[in-house]
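Notes follow once the structure below has been shown.
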Amino acid sequence: MAITGPLLATIAKFVSGASVRWIDCQPDTCQRVYFANHTSHLDALVLWSCLPKEIRVRTRAVAARDYWEKGPIRRHMARSFNVLLIDRKEIKVHRSPVQMMLQEIGERDSLIVFPEGSRNTQEELGEFKSGLYYMGKKRPDLELVPVYMENLNRVLPRGEVLPVPLLSCITIGPPIWLEVGEPKNDFLNRARDAVRRLRDL
Amino acid sequence: MAGVTLLAQSSRGPHQVHTQTYWLLGVVLGLLVVAYVAGRLLKRYPDHSLNPALIERFNHRIRVWWLMCAILVAAFLLGRVPTIILFGCLSFWALREFITMTPTRRGDHRALFWIFFVFTPAQYILVALGRGTYEALFGVPHRDFYGLYSVAIPVYALLFIPMRTAMAGDPRRFLERSAKIQSGLFICVYCLSFAAALLNLELTTSGGALWGDRHSHVQNAGLLFYFILIVQLGDMFQQVWSRLAGRRVIAPRINASRTWEGLLGGVTSTTLIGALLWWATPFQFWQAACMAMVVAVAGFGGGMVMSAIKRDRGVEDYGTLVQGHPGVLDRIDSLCFAAPLFYHLTRYFFSQVY
């Protein structure tokens, strides 16, 4: 795990040819939730790989258990980049995904989440699921950082196994917070706009 | 002129040819050192009649040339195959930038996988097999796989790409999408591979006398270095002349900085410098002048075509998606267009063709 993590990051950076832009936001080890658009299986790995090393070791991507536990290679990869696996199928009553995530990160780690839920094949961003809102409500101190990932759907589109090494671009924008008394839908729309705005910058 | 011709024609043994190649390297490195020092001095003691942004650009260009020079010399010293691998990597990277800029659809994914991981390596493997493997396989000496690598992409890959795209089942803009992938592969891989293929020729002078040692790649590497140098100088001179004397822009909507004066001045200067370096090549003085002129004009063509593609896509540079860094393709566009011409002229007039 100690070796394959950095190796995996290097390979992911090479295959995706990613250039990273921080706009009105600086790399920091404070607790954050990076929320991004989701178009490819590579998203979590590439975003995690593109963070500076000190931040990367304290950041965990949230991903679906049914995908990352299929086969020994995926399971090993998921362990190498320290994925936080969530069961999409069986959600237990007293352990909601949001509770689990917050419990796992404690007072130290940051998270990478994809609020669209599953990979999007449309041009437009999909509707955001409400997890981000509950996270902001339970932990108002977390910085919610929008991320727009461009071209990764061309590197590895939905339904393909082999990647094509095109260049991609990751834009990380200024953090947002849940306002006091802000309704759920308003907040989710605001978060979605924050991601969408980064596309045009 | 008679004296010049005599000097060029005088018999040159392999060792002398190798010495000339090293001299060429030495001269270029020397000039780079001078340019580097000049750039540093200009930065430290600014002359107020000069634009500081211009000096910064100059220094940047010198840094890029150092890098190119270092990589090339390292590859040459390692041998023929490492140099060909280096060009393969360049092609791969340029193709990556080209396809990134070109809108493709889901249905193109498999075709793209083929061009990156099958056709590009195959082309360079065919070049790298060289004369030795051909002789071992077919018992015919002096030949390489020219017959195959000169048609592998323009015939077989160009037929394969639309077939694979059609199988993916998306008819929208089919011809346009195929053409984009085909041109990317053709320009970035096929054309550039002819620069690497220079290493496989048995060079002679135009009189037919063998030039250098046919079992060594050093004189070929020297000629390749000469070619790259001429292309780069052609680019630079055209920019400088455009800046100094440019009046009539050739095609303002394609590239506002390329002018007729720049083209004329650039080609003339490049021809002159190319001719003055004749001693490092198998060419005579006038032949070197012609070669340099052809290379400069072809390089200009490459720059124009790539500019047109960039304007159509609405981007400044191929480097990254959004930031304005010039990428590999911005540096080698003229090289891609000039390489096949330089290769074929050398092949038919300055090498043993069997």
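Be a star and scan region B:325-354 for residues whose amide nitrogen sits under 20 Å from the point 7 Å along the Cα-to-Cβ vector of B:Ala251.
Under cut-off, by backbone N: B:329-341.
Hey, fewest Cβ within 10 Å first, where do B:Ile62, A:Ile170 land in order?
B:Ile62, A:Ile170
Relative to the Cα centre, what is the charge dipole magnitude of region B:89-200, using +1 at the beta carbon of each Lys and Arg, -1 at the beta carbon of each Asp and Glu, and rounding to the nearest 20 debye?
400 debye
Given the rule -39500 (n - 2.57) for each run of at least 4 DSSP H residues, summed and divided by the residues of the protein assembly as shown, what is its mean residue ellipticity at 222 nm, to the nearest 500 deg cm²/dmol?
-18500 deg cm²/dmol
To the nearest µm²/s, what D does Stokes-Einstein give for chain A at 4 °C and 1.567 mPa s, using the Kirkwood radius over alpha carbon pairs as Rh?
In µm²/s, the coefficient rounds to 76.
Would you order B:Phe113, A:Phe14, B:Phe342 from fewest to most other beta-carbon atoms within 10 Å of each residue's own beta-carbon?
Going from least to most buried by this count: A:Phe14, B:Phe113, B:Phe342.
Mean projection of the alpha-carbon convex hull of region A:103-153 over all orientations, in nm²?
Directional mean of the projected Cα hull area for region A:103-153 stands at 4.3 nm².
Suppose we take every Cα in the protein assembly as shown and form the convex hull; what volume per residue is that in Å³?
196 Å³
Search the structure for amide H atoms under 5 Å from the amide H of B:Asp213, placed 1.01 Å from N in the peptide plane, and list their residues when 5 or more places away or on another chain.
B:Gln219
Provide B:Thr19, A:Thr171 in ascending order of the number of other Cβ atoms located within 10 Å of each residue's Cβ, fewest first.
Least to most surrounded, the residues fall as B:Thr19, A:Thr171.
Of all alpha-carbon pairs in region A:41-140, indicate the percentage at a distance above 21 angstrom.
That tail contains 36 percent of the Cα-Cα pairs.
If R0 is 22 Å, what FRET efficiency do you get for A:Val57 and A:Gln103 from their C-beta distance, rounded to 0.05?
Efficiency computed from Cβ-Cβ geometry: 0.70.
Give or take rounding to whole Å, what are the principal axis extents of the alpha carbon atoms in region B:136-208, in descending order?
Rounded to whole Å, the extents work out to 55, 26, 15 Å.
Can you tell me the FRET efficiency between B:Met167 and A:Arg196 if r is taken as the Cβ-Cβ distance and R0 is 30 Å, rounded to the nearest 0.05?
Efficiency for this residue pair is about 0.30.
Can you list residues whose amide H is under 5 Å from A:Leu111's amide H, if they're 5+ apart or on another chain and H is modeled 1.01 Å from N?
A:Arg32, A:Val33, A:Tyr34, A:Arg60
Using a Förster distance of 60 angstrom, determine the FRET efficiency expected from the C-beta separation of B:Trp286 and B:Arg106, and round it to 0.05.
With a Förster radius of 60 Å, E is 0.65.
Would you mind computing, in nm to one decimal, how far apart the modelled labels at B:Thr133 and A:Arg88 are, each placed 7 Å from Cα along Cα→Cβ?
Going from the B:Thr133 label point to the A:Arg88 one covers 4.4 nm.
Once region B:89-200 is represented by equal point scatterers at the alpha-carbon sites, with solvent omitted, what log10 I(q)/I(0) does the Debye formula produce at q = 0.12, 0.13, 0.17 Å⁻¹?
The calculated log intensity ratios at q = 0.12, 0.13, 0.17 Å⁻¹ are -0.44, -0.50, -0.77.
In sequence order, what are the phi-derived ³J(HN,Hα) couplings for region A:172-182 according to the Karplus relation 6.51 cos²θ - 1.76 cosθ + 1.60 with θ = phi - 60°, rounded to whole Hz, with x for glycine and proline?
Coupling constants for region A:172-182: 10, x, x, x, 10, 10, 6, 6, 5, x, 6 Hz.
Quick one: net charge around A:Ile112, please, counting Lys, Arg +1 and Asp, Glu -1 for every other residue with C-beta under 14 Å from its C-beta.
Around A:Ile112, the charge tally is -1.
Taking every Cα atom in region A:106-201, find the radius of gyration and the maximum pairwise distance Dmax, and write them in Å.
Reported Rg and Dmax, both Å: 14.7, 46.
For chain B, what is the charge dipole size about the Cα centre, in debye to the nearest 20, if Lys and Arg each add +1 at the Cβ and Asp and Glu each add -1 at the Cβ?
720 debye
Want the number for B:Thr268 to B:Leu67: 0.36 nm per residue separation, take away the alpha-carbon distance, what's left?
Taking 0.36 nm per residue and subtracting the Cα distance, the gain is 69.7 nm.
For chain B, compute Rh as the Kirkwood radius over C-alpha pairs and then the Stokes-Einstein diffusion coefficient at 25 °C and 0.890 mPa s; write the answer in µm²/s, rounded to an integer.
For the chosen part, D equals 114 µm²/s.
So for the protein assembly as shown, if I pair up every lysine 8 or more residues apart or on another chain, how many of those pairs have alpha-carbons under 30 Å apart?
Taking the Cα cut-off of 30 Å, the pair count is 26.
Anything in chain B that counts as a DSSP H helix reaching 20 Å or more along its axis (C-alpha) with Kyte-Doolittle mean of at least -0.5? List them, would you?
Within chain B the helices that satisfy the rule are B:14-44, B:52-78, B:80-101, B:120-138, B:218-245, B:260-276, B:285-313, B:328-349.
A short reminder: the numbers here are calculations on the coordinates, not readings from a lab. Note that the structure is a prediction, hence the values are computed from the model and not measured. Methodologically, a virtual Cβ is constructed for each residue, glycine included, from the backbone with ideal geometry; neighbour enumeration extends over all protein chains shown.
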